[in-house]
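Every number in this text was worked out from the coordinates using simple rules, so none of it is lab data. What you see is a predicted model; the values in this text were computed from it and never measured. FYI the Cβ positions are ideal-geometry reconstructions off the backbone, even for glycines, and counts take in every protein chain you see.
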Amino acid sequence: MPVMREATVTPTPVTYTVQEGDTPIVIANKFGVSVADLIALNKIDPTTLQIGAVLIIPTGPQAAQSNNELLPSPTPAPYTIRGLNVYRTPVGSLECLGEVFNPGPNALGSVQLRIALLDKADQVLLSVPFSIALDVVPAGQSSPFRLLFTDPPASYAQYSITALRGEAVDPTSRFAKVKITKSNGAPNGAQYRVTGEITNVDKVNASKLHVTVTTYNAQKQVIGYRDVVVADGPLAPNGVQPFDVSLASSSPTVESFAVVADALQSQ
């Protein structure tokens, strides 16, 4: 079973155990980092690399540039990774769904996680940094995420997901304050349909009104989500914008759903 983790002052280091046939180039290519960074961090002699040696995978500026990974937060805000749902699709792909919950009291931004695919011996086969759906997660709200591995490693047996970055942010300089004031969900054929209203509770106009709908099964696992820009705006203060979103889920039975809205400030 996956373990829920919280962001820490430094990200959980990703390690790799050297196997037969490995070279610094092979390992660096596997994780999308530079050979020079790998050698420098571990203080290794490339000509005497030992099978069984445990190496730390770089996450510094050069590594971040090469694999789209953000630098660790100086003072990370805590958040919870939950609702994990990792399963094989009918065509053999591996789909990973879940969400990040922000316990507050501040909005959460620059969130990045890492997923590692492991074999039965806990050896890292593939490690990928990724971001969540929302740029900013309001206090007390969640943002879903999804990854699809179309051709997962043949020896894949388990996975781990860890927090890399997340920081408290002030969204008031960019985002308008909007609120979901009505929401209803019901099955609609093979999909699930969510309708409702967004109200602009700010003192400025709102534009690019956007909703993220997440669906869950009875075990509170994420089984689907969809992001939709429902209107370009502008929506005046106290104005109401209806929305109507349909989405497919990995399970035919949707037990519950959640909707989060955001919008940009507009003149």
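Using R0 = 25 Å, the C-beta based FRET efficiency linking residue 36 and residue 151 works out to 0.30. Remark: the chain carries a charge dipole of roughly 520 debye about the Cα centre, counting +1 on each Lys and Arg Cβ and -1 on each Asp and Glu Cβ. If the chain linking residue 181 and residue 267 were pulled fully straight, counting 0.36 nm for each residue of separation and taking away their Cα-Cα distance, it would gain 28.6 nm. Using every alpha carbon pair in the range 172-266, what percent of pairs falls into each 10 Å bin from 0 up to the bin containing the largest distance? Binned Cα distances yield the sequence 18, 45, 25, 11, 0. Within the straight-line cut-off of under 16 Å between alpha carbons, the aspartates and glutamates reachable from residue 203 are 262, sequence neighbours fewer than 8 places apart in one chain being disregarded. Given R0 = 25 Å, the distance between the Cβ atoms of residue 193 and residue 220 translates into a calculated FRET efficiency of 0.75. Computed from phi, the 3J(HN,Hα) profile of the range 242-254 under the Karplus parametrisation 6.51, -1.76, 1.60 (θ = phi - 60°) reads x, 9, 8, 10, 10, 8, 8, 10, 6, 10, x, 9, 9 Hz, with x in place of Gly and Pro.
Derived scalar couplings between HN and Hα for the range 162-171 equal 10, 7, 9, 7, x, 9, 5, 9, 10, x Hz in order, rounded to whole Hz, by the Karplus curve 6.51 cos²θ - 1.76 cosθ + 1.60 (θ = phi - 60°), x for Gly and Pro. If the elastic network links every pair of Cα atoms under 10 Å, which of 105, 171, 90 fluctuates the most in the Gaussian network model of the chain? Checking each option, the largest mean-square fluctuation is seen for 90. Calculated on the alpha-carbon coordinates, the convex hull of the chain measures out at 135 cubic angstrom per residue. For residue 220, go through the lysines and keep the ones whose alpha-carbon is under 27 Å away, minus same-chain ones fewer than eight residues off. Counting by Cα, and skipping residues close in sequence, residue 220 has these lysines nearby: 120, 179, 182. Charging the Cβ of each Asp and Glu at -1 and of each Lys and Arg at +1, and nothing else, the dipole of the range 172-266 about its Cα centre rounds to 180 debye. Put simply, the amide H of residue 224, placed in the peptide plane, has neighbours under 5 Å in 215, 250, leaving out anything fewer than 5 places away on its chain.
Would you mind classifying the range 148-214 by shape? Square roots of the alpha carbon gyration tensor eigenvalues, ordered a ≥ b ≥ c; an a/c under 1.5 is rounded, otherwise it is prolate if a/b is larger than b/c and oblate if not. It comes out oblate by the Cα gyration axes.
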